[in-house]
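Every read-out reported here was derived from the displayed coordinates using simple, explicitly stated rules and does not represent laboratory data. In this text the structure is predicted, and so the values were computed from the model without any measurement. Positions of Cβ are backbone-derived with ideal geometry, glycine not excepted, and every protein chain shown enters the neighbour counts.
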Amino acid sequence: MYIFDGRITLEDRELLEPFINGFDYKTSGLTFTSLFMWREINMITWKQIGDYLFMTGADNLDPALDDTFMFPPMTRTGAYDPEGLRLAILEAAEIFEEKGRPFNMKLVPFHMLDIFSEAMHGKISYEADRPNFDYIYDTKDLIELSGRAYHSKKNHLNYFLANYEYDYGKMTPDMTDDAMQFIREFNERKSPDDPHERLLLDFEERAMRDVFLNLDTVGYLSGVIRIDGRIEAISIGGKLGTKTVTVHVEKANTDYRGLYQAINNEFCRHMASNVKRINREEDMGIPGLRKAKLSYKPVKFVEKYTIVLK
């Protein structure tokens with residue numbers, strides 16, 4: 001359900017980014033590149049209340065849930081005034097009530113819990129949202145793949161390098177048709193029987209076309225690997241603060257052994273001069289995805305919490 005009237009558009013970027021960049025939120029979801037990419041799938045809306053920017057979204061991963069939530073309110077000054085924030089949160093909660101939705105705040109990073117507890121005079125409860133923890137890695141680790149912990153990754157990468165000729169480069173909007181062909185073929189190989197999952201893939205395809213056509217306008221970081229002239233792997237990311245890059249999308253044709261390791265390695269190599277850390281986002285509670293993200297040995301997590309008002 002859409003809660004507020006505002007939508008994420010290119011025209012509103014100038015208005016929204018001072019809030020998005022106004023505080024060190026540390027979380028992958030509070031970047032313009034992420035919000036723009038998933039604005040339709042997650043039904044993102046926004047409204048400025050007082051000095052703060054409020055955004056809402058919907059969790060569409062589980063069709064059994066009808067889960068509308070609020071992102072952490074954002075500030076453009078780098079500061080949070082407890083009383084002003086309290087009044088703004090209460091106003092947002094009233095709007096949720098008018099829409100017939102229970103008020104809850106999700107994806108709140110751990111270092112912001114005290115901010116909201118102080119504003120609400122301690123009248124909140126919160127719990128960890130493990131499926132939405134962001135995985136953080138040292139860029140150097142992902143490039144070098146040194147030591148026993150990365151032995152398997154290094155073997156797959158070395159196999160790919162020894163057996164395939166490829167080109168790596170930045171993606172450009174004129175590659176959109178080729179990239180969309182790759183996305184469609186990638187999704188067809190998944191062949192989901194679940195109509196809800198198929199619907200989400202259709203949403204994703206639309207989102208990807210929008211991203212590919214607006215790479216420079218939105219500020220995406222990108223990389224593609226071509227084999228025999230065909231795009232076979234894609235990585236799309238965005239900046240998170242000054243020292244971190246977030247990987248929003250990474251896809252590779254699994255017919256090529258080691259290609260996933262190669263696109264990850266190449267993307268990180270091209271980011272290395274600019275950033276110390278790579279944020280590979282959350283695992284969404286999917287066992288296989290959690291195993292894959294843990295296998296790259298994160299140096300830490302960005303812990304996120306769900307808040308409800310008492």
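Laid out as a table, the results:
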| read-out | value |
| --- | --- |
| GNM flexibility winner over the chain from 25, 220, 296 (Cα, springs under 10 Å) | 296 |
| Extension gain, residue 190 back to residue 118 (0.36 nm per residue minus Cα-Cα distance, nm) | 21.3 nm |
| Amide H partners (placed H, <5 Å) of residue 281, local residues excluded | 135, 247 |
| Charge tally in the Cβ shell below 13 Å around residue 176, where Lys, Arg are +1 and Asp, Glu are -1, residue 176 excluded | -3 |
| Of (i) 1.07; (ii) 0.99; (iii) 1.03, the label for Cα Rg over 2.2 N^0.38 Å derived from the coordinates | (iii) |
| In degrees, nearest ten, helix 259-271 long axis to first principal axis of the chain (Cα) | 70 |
| Acute angle (nearest 10 degrees) that the helix 82-98 long axis makes with the longest principal axis of the chain, alpha-carbon atoms | 80 |
| Long-range HN-HN contacts of residue 240 with modeled amide H, under 5 Å | 245, 246 |
| Estimated inter-spin distance, residue 140 and residue 181, nm [label 7 Å along Cα→Cβ] | 4.2 |
| Between the range 113-189 and the range 266-299, the Cα center-to-center distance that results, in Å | 4 |
| In degrees, nearest ten, helix 195-213 long axis to first principal axis of the chain (Cα) | 80 |
| Charge tally in the Cβ shell below 9 Å around residue 150, where Lys, Arg are +1 and Asp, Glu are -1, residue 150 excluded | +2 |
